[in-house]
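*Asks:* This structure is in structure tokens; I'll ask about it shortly.
The values are calculated or read from the model by the stated rules, or taken from the named source; none is laboratory data. Bear in mind the structure is a predicted one, so any value in this text is a computation, not a measurement. Backbone-built Cβ (ideal geometry, glycine too); neighbour counts: all protein chains shown. Note: areas computed on protein heavy atoms with side chains; ligands, DNA, RNA excluded. Shrake-Rupley method; radii C 1.70, N 1.55, O 1.52, S 1.80 Å.
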Amino acid sequence: MTGAWPEPDNPGAMRGRGDGRRRDVPAAAGGDSLLRAALEAAPDGIIVVAADGRVVLYNAAFLRLWGLDAAVMELERPALRRAAAARLVRDPEAFLAEAEEVQANPYAVMHRLVELVDGRVLEMHSRPLELSEREAGRIWHYRDVTELVRTRQKLEAATRLAEAQFEGAPYGIIVIALDGRFLRANRRFFAMTGLDATWAELPPPERAACLEALAKEPERARAFNARWREQPGTSFSELFERCDGAWFKVSTQPLRAGGGEVLGQVFFYEDVTAQVVAEQALAESEARLRTMINEMETGITVVNRQGVITHANPAAARLLGLPADQVVGRAVDWSWGAVREDGSPFPPSEMPVNFAMTTGAAVRGVVMGLPLGGGQLRWLLVSAAVLRRGPAGEPQEVVATFTDYTDQKEREGLLAKARFLESFAALSAGVAHRLNNDLTAMLGNAWLMRQEGPLTPGQEEAVAAIEAVARDAAYLVADLRAAATGSDEAKGPVELDVCLGRALIQFPEAERQRAAVVLSAGVPRVLGRPRALETAFQHVLANAFEATRGPVEVRVTRLRVRDEFRLSTPGRWEPARIPPGEYAAVFVEDAGEGIAEEHLGRIFEPFYSTRFAGRGLGLPATAGIVREHGGYIGVHSAPGRGTTVVLAFPVPAERPEGT
């Protein structure tokens, strides 16, 4: 940006002075003063130069803009040119070149920007000027346009930035006027939609139809366009699936004038295919995970810091014994009555969920018994761990899992019992053999004493006592063998009512009369050992006669178990709860004081008895006989409600005739 004026080449030529006065230029009277006043009043810096290079006229604004003084204007021509070019202009070479161009083209009109070394920018306008009829010259106008240039540069930079942002935006942009005219779109819009520049030249309805046809549901796209036309001052946003499976998010913003008037609408097209696909995959994964959790047999709950259950699967509700719609939102109740394996209450501070929440440590494999009512316990294997922590690391949510451990615990109990019975059988066999030898010797010696001659009354009483004790010990040995190893009697078809009748005969008449026996018709025979079954019935009847002075009801019947056999009182079955099937059964029911629930779990243990009388082997021996016959014995009782004993033996499958 340069500009220059020529300097006089003739040393004797007339030069203008610093006060703006002109020399050797004819003027009308008073015209010189008027011209000078007008020149000084002008805001631009002005200088007039004759064709031969003489400075004819200049004003104070010229000196001020260029930073010159009047003395400079009086310098010789070469010195003035060199000083002006070297001191003031940022590009002296271009400045001098322009001076040469003016001299070579005296009639040219020039317009330039001149950048000074101090950073200011001057706008220069130069044109030929007729000084007189015989003399031509040139006039230069200089104006300080520094602020204008700087503002224009900033505007251009902002425009370039806006253009770069418009074209470099990560989404397609299209601007539509309020009347539907196409104003502008960036290249990404055309690339995303597959449209070309000819689309922009179509009438508004056809342009809209082309865009709507890209959507998998064109009617939704038409409704979207209708909405923004009806409410041009409102912003909208909607998700569209394209026919090719891609997903676009289309958002709009009103285009407003400086006063807020709506001029049109700006549309932003964002390709969100990857996001939608990821969200769909996440939703499918969450659905699969939710289904998997809901179908799990393990209960899962999430408990927040306030102790409220926020999430739970159906298994959790079932295992906790709660209705499914009453789990979420329920506060964890530490008074649910959970117990340890030894039956003692579970302290709330040691509850896995509470422990994990207060300490932040994970808890795994805690065995907990949860009362279900009716004397039943559901054993759970409980684990808990922190699911989410707060900013300071404090637990905010705990996830707990509940696995039904009841069956496994029962299997472990049965295994332990089997091991005990195995050991008990081995011990009992040895003890029974040794006792039988001793009893044989005792009874033999008693018989020999009687054979030696008449006994004195004292001797007779002693021998009778020895014989009574020996017989009682023989019964004990028989029970011991029955409880441990069963009988060595051969099996065959047995009618339970016959065995029951033979067992009753062993009791005194007074007790037999208290037995109310009901025999059902059509009770099938079972495969068994008659004497062993008689012994089992004797033990059960003896317990019933001992429990009450009133009547004892005895029923022999056919029993069909379909789902689960239940009585109204808590019960204990041996060797396990009776499964579905067909059985021949004997029910012995008394109205005695009953058995407390805490004793029901031990009634089949050898030598365990709640009464002073008896040997403590009656029910264990009976259970051994029933177990050896493949049957089941159940005892149902409650304090004040009497006791019912059920002995059920499986009915053998009938063989076809001729086999």
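*Asks:* Could you look through region 394-403, keep only residues that are open to solvent by 30 Å² or more (accessible area, probe 1.4 Å) and in contact with a strand residue (DSSP E or B) (Cβ under 6 Å, 6 or more places away or on another chain), and pick out the one that is modelled with the lowest pLDDT?
*Replies:* Selected residue: T403.
*Asks:* Does at least one position in region 562-581 carry a residue that is in a strand (DSSP E or B), modelled with pLDDT of 85 or more and surrounded by 21 or more Cβ atoms within 10 Å (Cβ to Cβ)?
*Replies:* no
*Asks:* Before we move on, is A208 of a type in the set (G, A, S) and under 41 Å from the mean Cα position of the chain (by Cα)?
*Replies:* Answer is no for this residue.
Residues checked against (1) at pLDDT 90 or above; (2) out of contact with any Pro (no Cβ under 8 Å at 6 or more places or on another chain):
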residue	(1), (2)
V121	yes, yes
H141	yes, yes
D144	yes, yes
A158	no, yes
R184	yes, yes
E206	yes, yes
E212	yes, no
A215	yes, yes
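*Asks:* Across region 582-598, which residue is farthest from G501 (Cα to Cα) among those that are in a loop (DSSP other than H, G, I, E, B) and either under 55 Å from the mean Cα position of the chain (by Cα) or free of Cβ contacts under 8 Å to residues at least 12 places away in the same chain (or both)?
*Replies:* Residue satisfying both the conditions and the ranking: A596.
*Asks:* Pick from region 166-184 the residues that are small (G, A, S) and either within 42 Å of the chain's Cα centre (by Cα) or assigned to a loop (DSSP other than H, G, I, E, B) (or both): which of them is surrounded by the fewest Cβ atoms within 10 Å (Cβ to Cβ)?
*Replies:* G168
*Asks:* Next up: Within region 31-85, which helices (runs of 4 or more DSSP H) (wholly inside it) include 2 or more residues that are at pLDDT 80 or above?
*Replies:* Ranges flagged: 31-41, 60-66.
A quick yes/no check of all residues on (1) farther than 26 Å from G329 by Cβ; (2) among the small types (G, A, S); (3) modelled with pLDDT of 90 or more; (4) open to solvent by 40 Å² or more (accessible area, probe 1.4 Å):
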| residue | (1), (2), (3), (4) |
| --- | --- |
| F346 | no, no, no, no |
| V353 | no, no, no, no |
| G374 | yes, yes, no, yes |
| Y405 | yes, no, no, no |
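*Asks:* Let me ask something else. Could you tell me which numbered condition E219 fails, if it satisfies all but one of (1) more than 30 Å from A317 (Cβ to Cβ); (2) under 30 Å from the mean Cα position of the chain (by Cα); (3) open to solvent by 50 Å² or more (accessible area, probe 1.4 Å); (4) not hydroxyl-bearing (S, T, Y)?
*Replies:* All conditions are met except number (2).
*Asks:* Moving on. How about region 610-637: which of its residues are modelled with pLDDT of 85 or more and assigned to a loop (DSSP other than H, G, I, E, B)?
*Replies:* Within region 610-637, H629, G630, G631 meet the criteria.
*Asks:* Output the residues belonging to region 288-307 that are open to solvent by 40 Å² or more (accessible area, probe 1.4 Å) and either free of Cβ contacts under 8 Å to residues at least 24 places away in the same chain or within 19 Å of F355 (Cα to Cα) (or both).
*Replies:* Answer for region 288-307, where residues must be open to solvent by 40 Å² or more (accessible area, probe 1.4 Å) and either free of Cβ contacts under 8 Å to residues at least 24 places away in the same chain or within 19 Å of F355 (Cα to Cα) (or both): R288, L289, R290, T291, M292, I293, N294, E295, M296, R305, Q306.
*Asks:* On the basis of being in a helix (DSSP H, G or I), of a type in the set (A, V, I, L, M, F, W, C) and open to solvent by 90 Å² or more (accessible area, probe 1.4 Å), does L148 make the cut?
*Replies:* When the stated conditions are applied, L148 passes them.
*Asks:* Still on this model: Scan region 236-277 residue by residue and report those that are assigned to a loop (DSSP other than H, G, I, E, B) and open to solvent by 80 Å² or more (accessible area, probe 1.4 Å).
*Replies:* C243, D244, G258, G259, E261, listed by residue number.
Quick grid of which residues meet (1) touching a residue at least 40 places away in the same chain (Cβ under 8 Å); (2) out of contact with any Phe, Trp or Tyr (no Cβ under 7 Å at 6 or more places or on another chain); (3) of a type in the set (A, V, I, L, M, F, W, C):
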| residue | (1), (2), (3) |
| --- | --- |
| A503 | no, no, yes |
| L519 | no, yes, yes |
| G522 | no, yes, no |
| A532 | yes, yes, yes |
| F537 | yes, yes, yes |
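*Asks:* State whether the residues of region 315-330 include one that is out of contact with any Cys (no Cβ under 7 Å at 6 or more places or on another chain), open to solvent by 40 Å² or more (accessible area, probe 1.4 Å), among the aliphatic types (A, V, I, L, M) and modelled with pLDDT of 85 or more.
*Replies:* Checked against the condition, which is being out of contact with any Cys (no Cβ under 7 Å at 6 or more places or on another chain), open to solvent by 40 Å² or more (accessible area, probe 1.4 Å), among the aliphatic types (A, V, I, L, M) and modelled with pLDDT of 85 or more, region 315-330 yields at least one hit.
*Asks:* So, one more: In region 377-393, which residues are more than 16 Å from V302 (Cα to Cα) and either without any contact (Cβ under 8 Å) to a residue 40 or more places away in the chain or exposed (fewer than 14 other Cβ atoms within 10 Å of the Cβ) (or both)?
*Replies:* L377, W379, L381, P391, A392, G393
*Asks:* If you take the residues in region 355-372 that are more than 19 Å from I300 (Cβ to Cβ) and exposed (fewer than 14 other Cβ atoms within 10 Å of the Cβ), which one is farthest from the chain's Cα centre (by Cα)?
*Replies:* Residue satisfying both the conditions and the ranking: L372.
*Asks:* Consider region 125-142. How many of its residues are over 11 Å from I47 (Cα atoms) and either under 60 Å from the mean Cα position of the chain (by Cα) or buried (at least 19 other Cβ atoms within 10 Å of the Cβ) (or both)?
*Replies:* 1
*Asks:* Report every pair of residues separated by at least 6 positions or lying on different chains whose Cβ atoms are under 9 Å apart, first residue within region 185-202 and of a type in the set (D, E, K, R) and open to solvent by 40 Å² or more (accessible area, probe 1.4 Å), second modelled with pLDDT under 90 and in a helix (DSSP H, G or I).
*Replies:* Listed pairs, sorted by first residue: R187/E167; R188/E167; R188/G168.
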